[in-house]
Amino acid sequence: MRYYAVIDTNVLVSALLRFSSVPGVVAQEALSGRIIPLLNDEIVREYREVLMRRKFHFDRTAVDAIINGIIKRGVFVDANPTDEPIIDPKDAVFYEVVMEMRQADEAYLVTGNLKHFPVKHFIVTPREMLDILENGE
């Protein structure tokens, strides 16, 4: 079964900090094709900008590998603004992309910051996403 998901930047930060972590496994699933990443140009720009921040000290090769892998396996989605209030306006694009995809197919937003988004069954933590993969929900 294929699972579409918008992966919040904080999940990729956690994955690069520790690839054997739950967020790391989510990233691996996105790179292996079990999770089909949902993207747009704004999300890709944010990934690159955040992951290359000096405070993280991530290797450029590792950042390029994860972003390029996600792009290669991802689906680009043109999203429209929603009326749903989002706490941090920079997070709106993640919600807009998942909502656009949900019009045609089941899709999830995977985030470590649930409080930044409306409470919806398809907005899940990395652990919940792995449970969905495991249980075939």
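The values are calculated or read from the model by the stated rules, or taken from the named source; none is laboratory data. Please read all numbers here as calculations on a predicted model, not as lab measurements. Heavy atoms of the whole protein, side chains included, go into the accessibility calculation; ligands, DNA and RNA do not. Shrake-Rupley method; radii C 1.70, N 1.55, O 1.52, S 1.80 Å.
Descriptive notes on the structure:
- Of I70, I86, I36, the one that fluctuates the most in a GNM where the chain has Cα springs shorter than 10 Å: I86
- Most to least accessible of R48, R127 (protein chains only, probe 1.4 Å): R127, R48
- Y4 sits with roughly 20 Å² accessible to a 1.4 Å probe, with DNA, RNA and ligands left out of the calculation.
- Percent accessible area from carbon and sulfur atoms, segment 92-137, protein chains only, probe 1.4 Å: 48 percent
- Close Lys pairs in the chain (alpha-carbon distance under 25 Å; sequence gap of 8 or more, or different chains): 5.
- Using the 1.4 Å probe convention, the accessible area of segment 15-71 works out to 52 Å² per residue with neighbouring protein chains retained.
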